[in-house]
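Asker: Before I ask anything, let me first share the structure, which is written out below as structure tokens.
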């Protein structure tokens with residue numbers, strides 16, 4: 001759900017712009033704001049004054065001021081029609097087109113209702129489609145010609161009076177279309193801001209999901225490696241107790257150390273998942289790779305080439321790839337020896353883990369190999385795992401290129 005900034009003074013906006021922007025609110029008729037009440041009151045008062053002014057002119061005995069109506073009762077009827085149109089202005093926001101259609105015949109002869117009808121016409125232009133506004137304008141131009149003939153001005157010719165009616169109609173049309181276009185622009189910008197905020201929240205949610213997935217993968221690597229070593233050491237412990245007590249004590253110490261290390265790393269990762277503040281342990285690096293390999297009794301580390309500084313992502317990827325490969329070799333392949341080889345070439349760091357295991361499950365039966373490939377790909381490299389040609393065991397190789 002989006003949460004756009006609330007206007008500082010929403011009562012100064014039209015109801016169509018100041019209301020809520022939710023789909024439920026858009027389906028409802030916008031409520032009249034303080035600004036709308038003020039505008040409607042001003043329009044009513046101006047129209048009422050015009051009715052009084054037009055009626056006073058019609059009652060004037062001076063023919064130089066206005067052309068008298070054929071019958072005196074027509075002046076009273078015209079004033080009554082003007083008052084009714086003034087009252088209709090309070091309903092113009094709900095039924096603008098319906099009121100305009102109903103009152104269009106009055107534009108043929110009624111002088112007192114001229115200003116209220118112009119305001120109704122302006123409302124139609126603002127709140128209805130351009131085609132509707134143009135159609136209403138066309139009808140108004142025709143009735144204007146008839147009105148200029150039925151109610152001639154004593155001081156102007158017919159064509160001058162009709163021309164002024166055309167000018168006023170086109171001016172109201174242009175003003176109303178400008179107001180409508182401006183409101184549509186505001187609504188468009190608001191919708192665009194809503195979509196941008198929704199997309200931003202979606203990107204944040206996706207980033208959070210990716211981060212949690214990464215943390216889950218880290219937890220898998222840590223737990224799988226630690227538990228595999230603990231199982232191997234625990235299985236060898238009873239034999240060592242009978243044959244070599246010193247080795248048995250070392251095995252149990254290794255189990256405890258692996259458990260403690262796993263607990264420390266898990267505590268840090270769970271802290272990330274819970275978004276808990278506080279110091280967090282750094283991610284493992286290549287400098288800790290020797291300790292990792294030494295923790296596996298059957299593994300050894302070889303390094304060729306000249307080591308060089310690499311990014312933290314590459315260091316973490318190399319460490320986790322070796323960790324996962326060692327876990328697979330001990331847990332799934334039942335290997336008796338594992339060779340870890342770091343080859344520092346000028347173009348890339350190549351990590352190779354080869355075991356002599358006899359297991360048939362390949363390099364892991366779960367998501368370990370997928371994680372290895374993903375880590376290598378994330379660093380712009382490649383990874384592969386295959387059986388040793390002409391012999392027992394498996395080889396996991398990952399190539400992590402250096403940045404250009």
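Asker: Quick one: residue 378 ticks every box in (1) at pLDDT below 85; (2) on the phi > 0 side of the Ramachandran plot except a single one, so which number is it?
Answerer: (2)
Asker: Still on this structure, please answer the following. Right, residue 157: farther than 30 Å from residue 313 by Cα and touching a helix residue (DSSP H, G or I) at 6+ places or on another chain (Cβ under 6 Å) or not?
Answerer: Here the answer is no, as residue 157 does not meet what is asked.
Asker: Report yes if some residue within region 11-27 is part of a loop (DSSP other than H, G, I, E, B) and at pLDDT 85 or above; otherwise report no.
Answerer: Taking every residue of region 11-27 in turn, none turns out to be part of a loop (DSSP other than H, G, I, E, B) and at pLDDT 85 or above.
Asker: Kindly check whether there is at least one residue in region 101-121 that is surrounded by 14 or more Cβ atoms within 10 Å (Cβ to Cβ) and under 36 Å from the mean Cα position of the chain (by Cα).
Answerer: No; the residues of region 101-121 include none that is surrounded by 14 or more Cβ atoms within 10 Å (Cβ to Cβ) and under 36 Å from the mean Cα position of the chain (by Cα).
Asker: What's the number of the condition residue 284 fails, among (1) modelled with pLDDT of 70 or more; (2) out of contact with any helix residue (DSSP H, G or I) (no Cβ under 6 Å at 6 or more places or on another chain); (3) assigned to a loop (DSSP other than H, G, I, E, B); (4) not assigned by TED's automatic domain parsing to the domain that holds residue 357?
Answerer: The one condition residue 284 does not meet is (2).
The values are calculated or read from the model by the stated rules, or taken from the named source; none is laboratory data. Because the structure is predicted, anything quoted here is derived from the model rather than measured. Using ideal geometry, Cβ is built from the backbone for each residue, glycine included, and neighbour counts are taken over all protein chains shown.
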